[in-house]
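Only one structure is covered here, and it is reproduced in the block below.
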Amino acid sequence: MAEPYDPSGAFDPYEKIPLRQLEALALYIEQGYQPGNFLTAVLSNDLKGAVARADEESKELLPLYVQWLYNRAPYSCWGSPEQVEKWVAGKRAARHLGISDE
């Protein structure tokens with residue numbers, strides 16, 4: 001199915017991802033807050049876990065989540081359980097010390 005025509009050129013291919021999920025991803029990336037089980041499985045590159053924890057909408061959009069991560073998220077914040085754990089620990093330490101990425 002073709003995407004709808006957007007004369008402004010502002011079509012976002014990721015707009016189908018629910019806002020609550022994008023907000024959870026933003027909190028994870030920016031502050032290291034652990035998202036729910038589904039997103040943690042996606043971030044950890046755990047396909048079996050992601051499918052087992054996904055609701056119907058998330059199952060349908062699973063490839064879109066991976067594309068979003070690939071195109072918009074820092075590479076070091078996802079890809080394996082170890083990378084997720086390291087990201088969360090690093091952000092937690094930065095929060096504890098009052099360090100900001102900005």
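The values are calculated or read from the model by the stated rules, or taken from the named source; none is laboratory data. This is a predicted model, so every value here is computed, not measured. Because the Cβ atoms are built from the backbone with ideal geometry, glycine has one as well, and the counts that use them run over all protein chains shown.
For this structure, a couple of remarks:
- Residue in region 65-72 that is touching a residue at least 24 places away in the same chain (Cβ under 8 Å), loosely packed, with under 12 Cβ neighbours inside 10 Å, within 15 Å of Ile17 (Cα to Cα) and not aliphatic (A, V, I, L, M) present: yes
- Taking the conditions (1) at pLDDT 95 or above; (2) part of a loop (DSSP other than H, G, I, E, B) in turn, Gln21 satisfies each one other than (2).
- Residues of region 86-102 satisfying the condition of being loosely packed, with under 14 Cβ neighbours inside 10 Å and either of a type in the set (A, V, I, L, M) or on the phi > 0 side of the Ramachandran plot (or both): Ala89, Ala93, Leu97, Gly98, Ile99
- Restricting region 31-53 to residues that are of a type in the set (S, T, N, Q) and part of a helix (DSSP H, G or I) leaves a set whose member that is nearest to Ala93 (Cα to Cα) is Gln31.
- Test: residue in region 80-101 that is outside any helix (DSSP H, G or I) and under 15 Å from the mean Cα position of the chain (by Cα): yes
- Comparison of Glu57, Glu82, Glu3 shows that the only residue that is modelled with pLDDT under 95 and out of contact with any Gly (no Cβ under 8 Å at 6 or more places or on another chain) is Glu3.
- Residues that are surrounded by 14 or more Cβ atoms within 10 Å (Cβ to Cβ) and either more than 22 Å from Pro18 (Cβ to Cβ) or β-branched (Val, Ile, Thr) (or both), drawn from region 73-85: Gly79, Pro81, Gln83, Val84
- The residues in region 54-64 that are part of a helix (DSSP H, G or I) and surrounded by 14 or more Cβ atoms within 10 Å (Cβ to Cβ) can be counted, and the count is 4.
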